[in-house]
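Participant: Next up is a structure, given as structure tokens.
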Amino acid sequence: MSSETILDVAGLRTTFHVKRANKKYALKAVDNVSFHLDKGEILGFVGETGCGKTTVGRSIIKLTKPEGGVVTFGGNNILNLTGRRLREVRLKVRMVFQDPYASLNPRRRIADSVAEAGDIHKLFNSPQDRLKQIAETLKRVGLDPSFADRFPHELSGGQRQRVGIARALLPIPGIIIADEPVSALDVSIQAQILNLLLDLRKRLNLAIIFISHDLSVVGQICDRIAVMYLGRVVEIGEAEELFNRPLHPYTQALIHAVPKPNPRLRIGKGMALGEPPSRFELKPGCTYADRCPLAEGVCLTDVPEIKTVKNAQMAACHKL
Ligand SMILES: Nc1ncnc2c1ncn2[C@@H]1O[C@H](COP(=O)(O)OP(=O)(O)OP(=O)(O)O)[C@@H](O)[C@H]1O
Ligand SMILES: [Mg+2]
């Protein structure tokens, strides 16, 4: 763990116990995921729908309870914290969601949504201090302080997402977990929100976990990228390296499906990679073996552990 590391996640495991057609299954939504996040760094999580990106984000701050792992932040394992100490951590590690309309209360003025965490935690010295901090926070996300008095329905999608980000900035956190923050927005507005996040990272030295199913979006903003497949990180490394020299066959398939030089790919429906296997009845061996052109022998029997392959680039593949 370097001195610049703000968050270290080791062996994170989150299982959902679900019932399908009268049978009980333990669905390993997040299976042995490890990574670190440095101060001021933007780390992307990318992968197809259902691969576990959201569950990773939620598990870190125990919005979903993991069954195993260690999440080191500020000298503590977040997973051991409860009550007041957990709530304090959740002020320093904040979430931004995909759909700002769904996450904003339609009957509350923008000011009250932005001030919500501050109100709950009694962070304001006076009503004047509260107004001042709301205005400052709105300005930080490029909104005029007069937006404080408006209601969500009076805002455009991009403005609402700016409010969604503003809520996560009062008080200023160390980490933002942004779960598909631009997926509901038009492409032109997406760029503005991505630029805002880049700008906030620079000005506030924020570390950001940026979750998206869209490799091209992740490529525009992230310093490092983690590629997830069926609950596991199959590759993680510098964005530049990962795009130029993808190691894992799955990452290669994703990247090669992206037309260059301006990569635009929506992973998920319509992707030319075939259907992923059922999450309910996973076979032994590598989870990617069903779709992998290289799979043979050991790939069908043993789960590959993630290992460093080149410089800081890690991948989970028996063939590397
Ligand atoms: N509360 C829950 N109960 C049961 N299963 C769940 C629950 N939340 C998620 N899952 C399952 O866990 C797996 C991972 O879901 P998750 O939402 O983390 O994926 P994701 O990568 O964020 O997908 P998307 O790109 O669609 O947002 C999926 O198979 C999903 O169906
Ligand atoms: Mg998700």
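A short reminder: the numbers here are calculations on the coordinates, not readings from a lab. Note that the structure is predicted; figures quoted are calculated from it, not measured. Don't worry about glycine lacking a Cβ; one is built from the backbone with ideal geometry, like all the others, and counts go over all protein chains shown.
Participant: Of all beta bridges DSSP finds with both residues in the chain, what is the antiparallel percent, to the nearest 5?
Facilitator: Numbers: 30 of 48 bridges.
Taking every DSSP beta bridge with both residues in the chain, the antiparallel ones total about 60 percent.
Participant: What is the gain in length, in nm to one decimal, between Asp8 and Arg87 on full extension, counting 0.36 nm per residue of separation less the C-alpha to C-alpha distance?
Facilitator: Numbers: separation 79, 0.36 × 79 = 28.44 nm, distance 1.88 nm.
The Asp8-Arg87 span can extend by a further 26.6 nm.
Participant: Which order results if Thr137, Thr301 are arranged by neighbouring Cβ count within 10 Å, fewest first?
Facilitator: Least to most surrounded, the residues fall as Thr301, Thr137.
Participant: Also, I was wondering about something else. By how many degrees, between 0 and 90 and to the nearest 10, does the Cα long axis of helix 187-204 differ from the longest principal axis of the chain?
Facilitator: Its long axis makes an angle of about 80 degrees.
Participant: Considering only the other residues whose Cβ falls under 11 Å of the Cβ of Val309, what net charge follows from Lys and Arg at +1 and Asp and Glu at -1?
Facilitator: With Lys, Arg at +1 and Asp, Glu at -1, the net is +2.
Participant: Once the principal axes of the Cα atoms of the stretch 25-96 are found, what is the range along each, listed largest first in whole angstroms?
Facilitator: Answer, in whole Å and largest first: 33, 31, 21 Å.
Participant: Using the 10 angstrom Cβ neighbour count as an exposure proxy, how do His17, His36 rank, fewest first?
Facilitator: His17, His36
Participant: Specify, per residue and in Å³, the volume enclosed by the convex hull of the alpha carbon atoms belonging to the chain.
Facilitator: On the way: hull volume 48.1 nm³, N = 320.
That works out to 150 Å³ per residue.
Participant: Output the 0 to 90 degree angle, nearest 10, between the alpha-carbon long axis of helix 127-140 and the longest principal axis computed from the alpha carbons of the chain.
Facilitator: With rounding to tens, the tilt is 50 degrees.
Participant: Still on this model: Given R₀ = 35 Å, FRET efficiency for Asp38-Ala191 by Cβ-Cβ distance, to 0.05?
Facilitator: Once the sixth-power term is evaluated, E becomes 0.90.
Participant: Counting Lys +1, Arg +1, Asp -1, Glu -1, what net charge surrounds His36 among other residues with beta carbon under 10 Å of its beta carbon?
Facilitator: -3
Participant: Now for a separate question. Taking the Cα centre of the chain as the origin and placing charges on Cβ (Lys, Arg +1; Asp, Glu -1), which of Val227, Phe73, Gly237 is farthest toward the positive end of the dipole?
Facilitator: Phe73
Participant: What 222 nm value per residue comes from the helices of the chain, counting each DSSP H run with n ≥ 4 as -39,500 (n - 2.57) and dividing by all residues, nearest 500 deg cm²/dmol?
Facilitator: About -8500 deg cm²/dmol.
Participant: Between helix 157-167 and the chain, what is the angle of the helix's C-alpha long axis to the longest principal axis, kept within 0 to 90° and rounded to the nearest 10?
Facilitator: Result, in degrees: 80.
Participant: Quick one: length gained pulling Glu136 to Asn205 fully straight, 0.36 nm per residue minus the C-alpha distance?
Facilitator: Extra length from Glu136 to Asn205 when fully extended: 23.1 nm.
Participant: Which entries in Lys62/Lys319; Lys202/Lys319; Lys23/Lys65; Lys19/Lys307; Lys65/Lys283 show an alpha-carbon gap greater than 32 Å?
Facilitator: Check vs 32 Å cut-off fails for Lys62/Lys319; Lys202/Lys319; Lys19/Lys307.
Participant: If we count every other residue with Cβ under 14 angstrom of Phe151's Cβ, Lys/Arg +1 and Asp/Glu -1, where does the sum land?
Facilitator: Working: positive: Arg107, Arg108, Arg109, Arg150, Arg160; negative: Asp112, Asp149, Glu154.
Counting the neighbours of Phe151, the net charge comes to +2.
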